[in-house]
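*Asks:* The structure's right below; bear with me while I get my questions together.
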Amino acid sequence: MKCNWPLGNGQHLEFDVIENNEVWKAMAGLYIFTYQLHNGNWRAIYIGQTNNFSMRMPNHDRMNEAALAGATHIHAKSVFSQQDRDLWESNLINHLQPPLNQHHRHDDWGRLI
């Protein structure tokens with residue numbers, strides 16, 4: 001299954017929907033701890049990036065916290081370029097304002113908090 005997440009600039013990124021913390025490939029990318037609402041939409045709990053899914057995801061330090069906040073799935077997207085990962089992670093966090101992310105967030109007046 002796939003899911004498109006908005007970057008807040010009119011563009012979207014397509015992520016794979018992962019139902020459990022499965023065997024991960026040794027590749028770089030973005031991930032979102034999330035859950036599905038009754039209307040079918042998804043709610044982001046935490047957004048991050050990694051240089052290697054296989055090293056980062058099995059013992060992620062925010063996994064339990066995200067699960068306690070309601071996360072039931074992980075959405076993952078392979079992204080080779082560090083520049084793209086940095087830009088897209090920032091855009092996603094700024095636009096979606098996931099509750100467990102504290103960096104790249106802006107207040108109601110657009111100021112970085």
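The values are calculated or read from the model by the stated rules, or taken from the named source; none is laboratory data. Since the structure is predicted, the reported quantities are computational estimates derived from the model, not experimental observations. Positions of Cβ are backbone-derived with ideal geometry, glycine not excepted, and every protein chain shown enters the neighbour counts.
*Asks:* Spot the failing condition for Gln11; the list is (1) at pLDDT 95 or above; (2) surrounded by fewer than 18 Cβ atoms within 10 Å (Cβ to Cβ); (3) in contact with a strand residue (DSSP E or B) (Cβ under 9 Å, 6 or more places away or on another chain), and only one is missed.
*Replies:* So the condition that Gln11 fails would be (3).
*Asks:* Could you list all residues from the stretch 60-98 that are aliphatic (A, V, I, L, M), in contact with a strand residue (DSSP E or B) (Cβ under 6 Å, 6 or more places away or on another chain) and over 12 Å from Ile47 (Cα atoms)?
*Replies:* Narrowing the stretch 60-98 to residues aliphatic (A, V, I, L, M): 63, 66-69, 71, 74, 76, 79, 87, 92-93, 96.
Filter once more, keeping what is in contact with a strand residue (DSSP E or B) (Cβ under 6 Å, 6 or more places away or on another chain): 66, 69, 71, 74, 76, 79, 92-93, 96.
Once the filter is applied, which keeps residues that are aliphatic (A, V, I, L, M), in contact with a strand residue (DSSP E or B) (Cβ under 6 Å, 6 or more places away or on another chain) and over 12 Å from Ile47 (Cα atoms), the stretch 60-98 yields Ala69, Val79.
*Asks:* Inspect all residues belonging to the stretch 31-50 and state whether any of them is buried (at least 19 other Cβ atoms within 10 Å of the Cβ), part of a loop (DSSP other than H, G, I, E, B) and not acidic (Asp, Glu).
*Replies:* No: the stretch 31-50 contains no residue that is buried (at least 19 other Cβ atoms within 10 Å of the Cβ), part of a loop (DSSP other than H, G, I, E, B) and not acidic (Asp, Glu).
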